[in-house]
Amino acid sequence: MSSRNLVGGSADNTLEDLDAAAASYAEKRSAAGHAELESLREQLIRYCLPFAGRLARRYRGRGEYLEDLEQVARLGLVKAIDRYDPERGSFTAYAVITISGELKRHFRDRTWGVHVPRRVQDLSLEVGHASMVLTSALARTPTTAELAERLGVTEAAVLEAVESAAGYAPASLNAPVAGEGAAEFGDLIGGVDDDLESVTDKLTVTDLLMRLPSRERRMLAMRFYGNRTQAEIATELGISQMHVSRLLSRALAWLREAMLSDTPPRWEGADRPVTHGMQVSVDRDGASVVVRVRGEVDRDTAERLRIGLRHAIGAAGGGSVVVDVAAVPLVDAAGVAVLVDAVHAAGVAGVDLCVSNAQPYVARILAVSGLENVLRRC
């Protein structure tokens, strides 16, 4: 069946009569079988291909190959034919809208180097067109306010559209820089991160802090991490402010000397030998198992506490475990990790675990570590 038969007239009379061709196709497809329908559809598509090509050529010169634009236009044509309803009006008008929409969507989705929201893309095109019109009318570059007034948008929206226009064809980081020899554009972006140089020092200080006695570590944490005054530290530790000042000075002096030497010097700042005499006792009190802890909980004693808590959770038999830390002056990160592990183990075993009688400093450490709920239940 030829295009002459499709529209019911001579070729000279139907060269551009797309509406007649589409109406004839719509009339015949209702009674056509599957094979005949496919034939009619293909004939109409072939008949309309020149029309789709002309629409595609309107968009050439915008950085896309004409062959790609023609393919997109043909896809839009097929969609228009498949979705066309004669009762809604002219096929030509519907095909123009559909094909143009496909072409615009192609430019919006495929040609922008950086993803930009659709509304900003559309506004960017409108701003560019309005800028050319106003430049011709005013014989100068229009201001942001003038562009906003013409488009009926805010100045902020215009500025956003102008900035986003750079995302259409962003500069390559590998582009050579004029006058810089073999340098590339990416070499000029960024700078030296001074904080990187302090990473090694921070790691070294962390290791050295763990070599100090627990009291000095606690004082340094309160002073430099808790922003506590020497008077507040003295009140909490039950010593004089002068003594706090001397201990802090000794600890800082030792840290400075240790940072500058390959082998850390022997600690001479403690008034008494450093001991780790933490004690853990497990007793049953009615339906509860009470774990009493005495002494500082740090990395050297944390494992002992872990074993005691696991034993208590196993002995609770679905009851409750109370961890009494009234005699614990310090809990470091290792101790917190042990308590977190005990909370999880107690949850698996169906045991209610709580921490009681925590000193203010220990309570704050546990609270900021996510154990405030365990503290509240006691």
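Of note:
- Any hit, the range 180-203, residues being touching a helix residue (DSSP H, G or I) at 6+ places or on another chain (Cβ under 9 Å) and either assigned to a loop (DSSP other than H, G, I, E, B) or modelled with pLDDT under 70 (or both): yes
- Where helices (runs of 4 or more DSSP H) fall entirely within the range 18-116, those with at least 1 residues that are within 41 Å of the chain's Cα centre (by Cα) and closer than 30 Å to LEU173 by Cα are at 66-83, 91-110.
- The set of residues in the range 316-345 that are touching a strand residue (DSSP E or B) at 6+ places or on another chain (Cβ under 7 Å), over 24 Å from PRO360 (Cβ atoms) and at pLDDT 85 or above contains only SER320.
- Criterion applied to ASP332, ASP352 was being over 26 Å from ALA234 (Cβ atoms) and among the acidic types (Asp, Glu), and the one residue passing it is ASP352.
- Hits in the range 350-361 - residues which are modelled with pLDDT of 85 or more and assigned to a helix (DSSP H, G or I): PRO360
- Meets criteria (within 15 Å of MET278 (Cβ to Cβ) and free of Cβ contacts under 8 Å to residues at least 40 places away in the same chain) for GLY335: yes
- Residue match in the range 98-105 (condition: among the small types (Gly, Ala, Ser), outside the structural domain of GLU42 (by TED's automatic domain parsing) and modelled with pLDDT under 90): no
- Selected residue (criterion: modelled with the lowest pLDDT) from residues of the range 54-84 that are surrounded by 12 or more Cβ atoms within 10 Å (Cβ to Cβ) and over 25 Å from ALA23 (Cα atoms): GLU64
- The combined condition, being of a type in the set (A, V, I, L, M, F, W, C), surrounded by 21 or more Cβ atoms within 10 Å (Cβ to Cβ) and not assigned by TED's automatic domain parsing to the domain that holds THR235, is fulfilled by LEU309.
- Candidates VAL290, VAL322, filtered to the one that is buried (at least 19 other Cβ atoms within 10 Å of the Cβ) and either in the same structural domain as ARG215 (by TED's automatic domain parsing) or not in a helix (DSSP H, G or I) (or both): VAL322
- The range 141-164, residues that are touching a Ser or Thr at 6+ places or on another chain (Cβ under 7 Å) and either over 13 Å from GLU126 (Cα atoms) or among the aliphatic types (A, V, I, L, M) (or both): THR141, PRO142, LEU147, ALA148, GLU155, VAL158, LEU159, ALA161
- Pairs are defined by a Cβ separation below 7 Å, a sequence spacing of at least 6 or placement on different chains, a first member in the range 43-54 that is free of Cβ contacts under 8 Å to residues at least 40 places away in the same chain, and a second member that is assigned to a helix (DSSP H, G or I) and acidic (Asp, Glu); the pairs so defined are GLY53/GLU70.
- Cβ pairs under 9 Å, 6+ apart, first in the range 250-274 and closer than 19 Å to ILE239 by Cβ and in a loop (DSSP other than H, G, I, E, B), second at pLDDT below 60 and not basic (Lys, Arg): TRP267/VAL274
- Taking the criterion of being under 25 Å from VAL362 (Cα atoms) and either in a helix (DSSP H, G or I) or of a type in the set (A, V, I, L, M, F, W, C) (or both), the residues of the range 204-216 that qualify are VAL205, THR206, ASP207, LEU208, LEU209, MET210, LEU212, SER214, ARG215, GLU216.
The values are calculated or read from the model by the stated rules, or taken from the named source; none is laboratory data. Just so you know, these numbers come straight off a predicted model, no measurement behind them. Because the Cβ atoms are built from the backbone with ideal geometry, glycine has one as well, and the counts that use them run over all protein chains shown.
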